[in-house]
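Down below is the structure, laid out as structure tokens.
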Amino acid sequence: MTNEQAVPRLTGGQVCAARFAAQGLGTPFAGDTPATLVPVAVTAMAGAHAQVMSAAELGIGLRVEGATRQDVREALWQHHSIVKTYGPRGTVHFLPAAEMPYWVGALSSVPPMASNAFPEGVRMTDDQTEAVIEAIADSLKAADLTIDELSDAVVERAGEWAGDLVMPAFQTMWPRWRQAQHLAGLRGVLAFGPNRGRKVTYTNPHRLNPFEPAEPREALGHVLRAYLNAYGPSTPQRFAHWLAAPKPWAVEVFAEAGDGLRPVQVELDGEGSGEAWLPADHVLFEAAADAAPPTEHLGVRLLPYFDTYSYRVGNQPPELLYPGKAADRVLRGNFQNLVVDGVVAGLWHVRRSGRKLHVTVEPLVTLTRRQRADLDEQVDRVGVVLEGRPDLTIGPVTVGGHA
């Protein structure tokens with residue numbers, strides 16, 4: 001990194017407008033069939049959090065012109081252009097298949113935050129962990145397996161010790177080997193396969209799209225740039241939060257980027273928020289040269305759980321994204337966000353009943369006539385993506401946030 005150049009000062013509005021545009025929330029990605037554009041949207045999001053499948057489908061669908069949830073599923077299960085696997089923080093994400101060498105190279109090199117938290121009678125040694133990851137990779141080479149089938153295959157290959165029921169989980173006990181399940185995902189040898197009825201299956205992503213992980217430094221540079229394009233301007237501390245990585249390590253990753261990054265200041269209530277960083281060729285450096293902030297009307301969006309734009313993990317300072325009442329009502333829970341002109345201005349909930357979608361929106365600001373019309377259009381768009389018939393109620397959201 002270098003700070004020899006003059007440090008531009010950006011308004012919060014400039015940052016929000018640029019992130020809207022970069023993520024396809026301003027103008028959705030278009031020009032090809034929706035399913036073909038799904039990986040484009042996922043790339044722009046630096047991966048899509050997929051703990052809740054319907055939320056991931058909605059977040060991607062809102063960013064692709066004309067897309068429905070079926071287009072996301074087609075990209076995942078037919079085109080195999082995105083992969084459902086363990087991503088940042090070891091949580092379930094969609095990642096673009098074409099970028100798996102970089103994601104695996106980067107995520108597998110992130111140092112852990114702390115030593116193994118399991119007691120001595122539960123934890124695995126480093127050699128046992130490697131044996132389990134090798135067994136997972138080999139077990140999934142030829143077929144998609146349910147968790148029970150995978151467990152039997154891992155125990156057969158690694159040894160009886162791998163199947164010891166020693167891990168407390170959801171009021172039951174899991175076999176020892178499952179400590180390494182997410183690590184196998186980060187290493188690129190385990191991903192989610194299509195459900196078999198109601199049962200989740202797992203697969204080896206190399207079966208359909210063989211790849212070699214990129215060298216860690218090159219991979220981390222690629223993932224850092226993807227993160228900054230989606231979340232920036234940002235800091236090593238927020239990058240570390242996003243990856244669940246040690247802060248000193250993240251500082252080193254930023255430093256190794258060298259002149260590829262430039263610092264900026266983001267104004268919050270007229271004051272600088274401290275230095276943050278962007279790729280040196282980012283469009284915001286052109287915007288910063290203009291005296292007047294952008295006046296683009298960003299409109300109203302109904303963003304799902306864990307959406308890249310407004311999810312609090314690794315994201316912008318809360319003062320920028322959650323002003324006023326939103327800090328208390330929305331930030332402290334995990335709600336679906338009503339976003340008005342780039343900032344969180346309320347929350348919403350959807351309940352499905354067959355083909356009907358009962359949408360409740362709780363604004364925390366007074367919507368203008370134009371914003372109210374935008375909200376109606378956005379509710380219709382949610383209906384298209386989720387393939388249902390929506391009806392809108394404006395009033396309090398009475399359900400709690402997502403766990």
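Here Asn315 meets each of (1) among the polar types (S, T, N, Q); (2) crowded, with 18+ Cβ neighbours inside 10 Å; (3) under 28 Å from Val384 (Cα atoms) with one exception, condition (3).
For the range 189-199, the set of residues classified as touching a helix residue (DSSP H, G or I) at 6+ places or on another chain (Cβ under 7 Å) and under 15 Å from His80 (Cα atoms) consists of Leu190, Ala191, Pro194, listed by residue number. Within the option set Glu362, Glu377, being within 26 Å of the chain's Cα centre (by Cα) and either of a type in the set (Lys, Arg) or part of a helix (DSSP H, G or I) (or both) holds for one residue only, Glu377.
For the residues Arg217, Arg157, Arg196, the requirement of being among the charged types (D, E, K, R) and surrounded by 15 or more Cβ atoms within 10 Å (Cβ to Cβ) singles out Arg157. For the structure I just gave you, tell me whether Val344 is closer than 23 Å to Tyr311 by Cα and outside any strand (DSSP E or B). When the stated conditions are applied, Val344 does not pass them.
Condition test on Glu130, is it among the acidic types (Asp, Glu), assigned to a helix (DSSP H, G or I) and either touching a helix residue (DSSP H, G or I) at 6+ places or on another chain (Cβ under 6 Å) or outside the structural domain of Ala50 (by TED's automatic domain parsing) (or both)? Against the criterion (among the acidic types (Asp, Glu), assigned to a helix (DSSP H, G or I) and either touching a helix residue (DSSP H, G or I) at 6+ places or on another chain (Cβ under 6 Å) or outside the structural domain of Ala50 (by TED's automatic domain parsing) (or both)), Glu130 qualifies. Of the residues making up the range 380-403, those that are more than 24 Å from Leu331 (Cβ to Cβ) and within 25 Å of the chain's Cα centre (by Cα) number 8. Tell me, yes or no, whether the range 2-20 has at least one residue that is surrounded by fewer than 19 Cβ atoms within 10 Å (Cβ to Cβ), hydroxyl-bearing (Ser, Thr, Tyr), at pLDDT 95 or above and farther than 22 Å from Asn315 by Cα. No, the conditions are met nowhere in the range 2-20.
Across the range 135-147, the number of residues qualifying as surrounded by fewer than 17 Cβ atoms within 10 Å (Cβ to Cβ) and within 28 Å of the chain's Cα centre (by Cα) comes to 4. Among the numbered conditions (1) touching a Pro at 6+ places or on another chain (Cβ under 8 Å); (2) of a type in the set (Gly, Ala, Ser); (3) surrounded by fewer than 13 Cβ atoms within 10 Å (Cβ to Cβ), the only one that Gly395 does not meet is (1). Within the set Ala35, Ala67, Ala75, Ala18, the sole residue that is aliphatic (A, V, I, L, M) and under 26 Å from Ser234 (Cβ atoms) turns out to be Ala18.
Residues are listed down the side, and each one gets a yes or a no for (1) in contact with a helix residue (DSSP H, G or I) (Cβ under 6 Å, 6 or more places away or on another chain); (2) farther than 21 Å from Tyr202 by Cβ; (3) outside the structural domain of Arg19 (by TED's automatic domain parsing):
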position	(1), (2), (3)
Asp32	no, yes, no
Val52	no, no, no
Leu62	no, yes, no
Glu65	no, yes, no
Ile82	yes, no, no
Gly87	no, no, no
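Restricting the range 245-286 to residues that are on the phi > 0 side of the Ramachandran plot and modelled with pLDDT under 85 leaves a set whose member that is surrounded by the fewest Cβ atoms within 10 Å (Cβ to Cβ) is Gly270. Can you tell me which residue is farthest from Ile60 (Cα to Cα) among those in the range 371-403 that are of a type outside the set (Val, Ile, Thr) and modelled with pLDDT under 95? Among them, the one singled out is Gly400. Restricting Ala131, Ala169 to residues that are surrounded by 15 or more Cβ atoms within 10 Å (Cβ to Cβ) and under 24 Å from Ser115 (Cβ atoms) narrows the list to Ala131. Only residues that are assigned to a helix (DSSP H, G or I) and either among the hydroxyl-bearing types (Ser, Thr, Tyr) or at pLDDT below 95 (or both): list them for the range 141-159, please. Of everything in the range 141-159, just one residue is assigned to a helix (DSSP H, G or I) and either among the hydroxyl-bearing types (Ser, Thr, Tyr) or at pLDDT below 95 (or both), namely Ser151.
The values are calculated or read from the model by the stated rules, or taken from the named source; none is laboratory data. What you are looking at is a predicted structure, and each value in this text was computed from that prediction instead of being measured. Neighbour counts run over all protein chains shown; Cβ positions are idealised from the backbone, glycine included.
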